[in-house]
């Protein structure tokens, strides 16, 4: 009975925490929708409607109900996938999100891989050469990653690597010549082009993707390298590292197998939160590179006072953030036996 309770109670606490967090997200987005100085009736029916039409639309939207009933209705609509209709595109918001989100997912995933591939080795190099030039170089790179505005970095990248050197393709996701060569099965262009065997389109999509992914990935690289350095410095001071060196193990094995292996658990959490930040923080990158993702969709909707789209996109981004936090917590418990009974 006791082993079972040690599994059930932590799982219940985790689920309750996720449910309360999502409830809080819905409450915040609902209040934002009521606080902003935009009349949802006029946004839906136009600003020249008669008084009779205004009252009818207001009743259809449930705005004549008490605030708590409006919130319950809002929660029910969200849980059934009804985010309303976008004024900007005239489509259901969920349909628009399904169309734009894969582009953000593709960009953030490649940026995350860029950050992991370069950030972790740089952090390890900085920790093993603490106080020397590799450490100083990594710290400067990290400082630049935190300090340089993403829109400035994106514009400079376009000027240098696209306009001057011609090494990458320009803004957008794919050249017009490749638009109708394959069906958008998943919405992820690289994957769809590979599945269709259109390798020229795949190459063109990669040329469009590499620069915005590198710009966005620069910030994940800065954060991951900094955190890896911090975790590794702590581990390299532990007694087991000294023991391993005394036993004659090679420095590479001590660093990459023992020390790095022991920071895998916190690194998983850091990586998951970084990935969530890339998914929600790609607005400026998508705007600079005319990338048709969810961030750009939310920005354009906000400028058009399309609150259904703004709130729907915000809920989806928040839900993704909550989901990635849940995944990181589960991975943490799986990798660290000490956390399983908590």
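The values are calculated or read from the model by the stated rules, or taken from the named source; none is laboratory data. Owing to the predicted nature of the structure, the values given are computational and were not obtained by experimental measurement. Ideal geometry is used to build each Cβ from the backbone, glycine not excepted, and the neighbour counts take in all protein chains shown.
Number of residues in the range 70-114 that are touching a helix residue (DSSP H, G or I) at 6+ places or on another chain (Cβ under 6 Å), surrounded by fewer than 17 Cβ atoms within 10 Å (Cβ to Cβ) and assigned to a helix (DSSP H, G or I): the value is 2. Selection of the range 246-298 for residues being modelled with pLDDT under 85, farther than 24 Å from residue 121 by Cβ and surrounded by fewer than 16 Cβ atoms within 10 Å (Cβ to Cβ) yields 246, 247, 248.
Here the helices (runs of 4 or more DSSP H) wholly within the range 175-255 that include at least 2 residues being under 23 Å from residue 148 (Cβ atoms) are 199-236. Selection of first residues in the range 229-246 that are over 19 Å from residue 267 (Cα atoms) and of second residues that are surrounded by fewer than 14 Cβ atoms within 10 Å (Cβ to Cβ), restricted to Cβ pairs under 6 Å at least 6 apart or on distinct chains, gives an empty result. I'd like to check something: does the range 18-40 contain any residue that is modelled with pLDDT of 75 or more, more than 24 Å from the chain's Cα centre (by Cα), surrounded by 14 or more Cβ atoms within 10 Å (Cβ to Cβ) and closer than 28 Å to residue 320 by Cβ? Scanning the range 18-40, I find no residue that is modelled with pLDDT of 75 or more, more than 24 Å from the chain's Cα centre (by Cα), surrounded by 14 or more Cβ atoms within 10 Å (Cβ to Cβ) and closer than 28 Å to residue 320 by Cβ, so the answer is no.
If you scan the range 150-174, which residues turn out to be in a loop (DSSP other than H, G, I, E, B) and closer than 26 Å to residue 278 by Cα? Hits for the range 150-174 are 167, 168, 169, 170, 171, 172, 173, 174.
Which numbered condition trips up residue 130, out of (1) without any contact (Cβ under 8 Å) to a residue 12 or more places away in the chain; (2) closer than 29 Å to residue 233 by Cβ; (3) part of a loop (DSSP other than H, G, I, E, B)? Going through (1) without any contact (Cβ under 8 Å) to a residue 12 or more places away in the chain; (2) closer than 29 Å to residue 233 by Cβ; (3) part of a loop (DSSP other than H, G, I, E, B) one by one, residue 130 breaks only (1).
To keep it simple, each residue is scored yes or no on (1) at positive phi; (2) within 23 Å of the chain's Cα centre (by Cα); (3) not assigned by TED's automatic domain parsing to the domain that holds residue 303.
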position	(1), (2), (3)
55	no, no, yes
64	no, no, yes
69	no, no, yes
85	no, no, yes
101	no, yes, no
105	no, yes, no
111	no, yes, no
115	no, yes, no
124	no, no, no
